[in-house]
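Engineer: Okay, handing you the structure first.
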Amino acid sequence: MDTFALIPLVSHFAVVYIVHYSELDDQCQPAIANFFAKMNKIQDKSDRPLKDLIEKAGYSQASFARAMKMAKSTINDYVAGKKMPTAPVIVNMCCLLEKSPKVILKSLGLDVSGIPDDQPTDL
């Protein structure tokens, strides 16, 4: 008989799930892979350097929000990875933080490895 169980273990920082299984059928394996992919995305959101870029540019999140003409809660959501800014907002961030779009996108947790660097002849 096939068995499958997710057992939650609570630590100081996260809930960890231990998967116990024997001969999982093909229907369970994709569900497990999907579960762990979602957990990895959640972990990636906690490692977003947007806050560091804001602070290195001399802003607090509140002063950056004022400079961006946005609510502080919106900036907090960007930093926390709860929301993704639109292209015009990213352009404004680039100007205020004096960083390239690629740096800003990476700070938002996006994979920019396939995006080529700007070339002076591209524009």
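Where a number appears in this text, it was derived from the coordinates with a stated rule and is not lab data. In this text, all values refer to a predicted model and were calculated from it rather than measured experimentally. As a convention, Cβ positions derive from the backbone with ideal geometry for all residues, glycine included, and neighbour counts pool all protein chains shown.
Engineer: Suppose we filter the range 80-123 for residues that are over 12 Å from residue 50 (Cα atoms) and either β-branched (Val, Ile, Thr) or more than 16 Å from the chain's Cα centre (by Cα) (or both); how many remain?
Structural biologist: Selection size over the range 80-123: 21.
Engineer: OK, next. Looking at this structure, is residue 116 in contact with a Phe, Trp or Tyr (Cβ under 8 Å, 6 or more places away or on another chain) and not in a helix (DSSP H, G or I)?
Structural biologist: Working: in contact with a Phe, Trp or Tyr (Cβ under 8 Å, 6 or more places away or on another chain): no; not in a helix (DSSP H, G or I): yes.
No, not satisfied.
Engineer: Then there is this: Check residue 65 against each of (1) touching a residue at least 12 places away in the same chain (Cβ under 8 Å); (2) crowded, with 16+ Cβ neighbours inside 10 Å and name the one condition it does not meet.
Structural biologist: (1)
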